[in-house]
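Below: the structure, in structure tokens.
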Amino acid sequence: MEVHAHTHTPRKKWTHYFWEFLMLFLAVFCGFLAENIREHKIEHQRAKDYAMSLMEEVAGDTMALNHSISYYNTKTENIDLLIALLAGNIKQIPGGTLYYFADMAMYNNQIIFNKTTLLQLINSGALRYFTNRKLIKCIGEYDQILQKVENSETSAQTILMEARRLQFKIFDFKFKNMYSNGQALNSISSDSILLIKKIQFPLITYDPTLLSEFTSWLNMRRANLKINMNVRLIDTQNKSRELIALLKKEYHLE
């Protein structure tokens, strides 16, 4: 006697499987969307954090640039006066005046930029968090211009060291200790400076060849400061302002 198996469960229609598949697909797709939105928010927050940090560093550098431009303007004037004095009969000029302007012409104000965030953005690939192409381009241009300033600072140091080498052959450093007491000349009172300029400090040498060489290096220093001040520092200042404005606009920073 044959036994036939009979199922009483109704067969599922294809539409049932279709809806199961659709629900599963929608669940996975919504999960993907949620994860994508979460990642986007995280990246946007990271970008904003980087933007805030970069803006603070650039703002600090901008203040340093303003100071340096003003400082180099004064130094250029000091160098001009020293060159004019050396072009005359220096034996008739009070030695204190020559010593004063020789010292003032040699002061330096090397800028050290705060590039912590900038280097991190470029070297770690974090620049990808920024999506504004204009902002990314501005950051790259700012990095390039800082490199130019730093290279010019190296050149300026070389010129300065040559000028100082000759300065020590012409001016006796012991007299500086006598009238400055370890203070920088630009921090001494104006009345004391007037007295210093009138003192008859002798030079080590009045050799015209050495004085002419010293004057040549002073002219090079003056030209170098002018280029740095009127071209590179001004360009950096303008680019830093542009970068700050873009960061504020893109990420609503104050």
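Given the criteria within 32 Å of the chain's Cα centre (by Cα) and either modelled with pLDDT under 90 or surrounded by 11 or more Cβ atoms within 10 Å (Cβ to Cβ) (or both), does Glu162 qualify? Give the derivation first.
Numbers: within 32 Å of the chain's Cα centre (by Cα): yes; either modelled with pLDDT under 90 or surrounded by 11 or more Cβ atoms within 10 Å (Cβ to Cβ) (or both): yes.
So Glu162 fits the description; yes.
State which residue is modelled with the lowest pLDDT when the search covers only segment 96-107 and only residues that are part of a helix (DSSP H, G or I) and surrounded by fewer than 21 Cβ atoms within 10 Å (Cβ to Cβ).
Gly96
Do you know which residues across segment 108-121 are in contact with a Ser or Thr (Cβ under 7 Å, 6 or more places away or on another chain) and at pLDDT 85 or above?
Thr117
Among Asn73, Asn89, Asn78, Asn66, which is the only one that is surrounded by fewer than 19 Cβ atoms within 10 Å (Cβ to Cβ) and free of Cβ contacts under 8 Å to residues at least 60 places away in the same chain? Let's see the steps before the verdict.
On the way: Asn73 fails: free of Cβ contacts under 8 Å to residues at least 60 places away in the same chain; Asn78 fails: surrounded by fewer than 19 Cβ atoms within 10 Å (Cβ to Cβ); Asn66 fails: free of Cβ contacts under 8 Å to residues at least 60 places away in the same chain.
Exactly one of Asn73, Asn89, Asn78, Asn66 is surrounded by fewer than 19 Cβ atoms within 10 Å (Cβ to Cβ) and free of Cβ contacts under 8 Å to residues at least 60 places away in the same chain, namely Asn89.
Among the residues of segment 201-249 satisfying the criterion of being touching a Leu at 6+ places or on another chain (Cβ under 9 Å) and among the aromatic types (Phe, Trp, Tyr), which is modelled with the lowest pLDDT?
Here the residue is Phe201.
Tell me, yes or no, whether segment 113-120 has at least one residue that is assigned to a helix (DSSP H, G or I), of a type in the set (S, T, N, Q) and surrounded by 14 or more Cβ atoms within 10 Å (Cβ to Cβ).
Here is the first cut: in segment 113-120, the residues assigned to a helix (DSSP H, G or I) are 116-120.
With the extra rule that they be of a type in the set (S, T, N, Q), the set shrinks to 116-117, 120.
Add one more test, that the residue is surrounded by 14 or more Cβ atoms within 10 Å (Cβ to Cβ), and what stays is 117, 120.
Yes, segment 113-120 contains a residue that is assigned to a helix (DSSP H, G or I), of a type in the set (S, T, N, Q) and surrounded by 14 or more Cβ atoms within 10 Å (Cβ to Cβ).
The values are calculated or read from the model by the stated rules, or taken from the named source; none is laboratory data. Everything numeric in this text was worked out from a predicted model, so none of it was measured. Glycine gets a Cβ as well: all are built from the backbone with ideal geometry, and neighbour counts include every protein chain shown.
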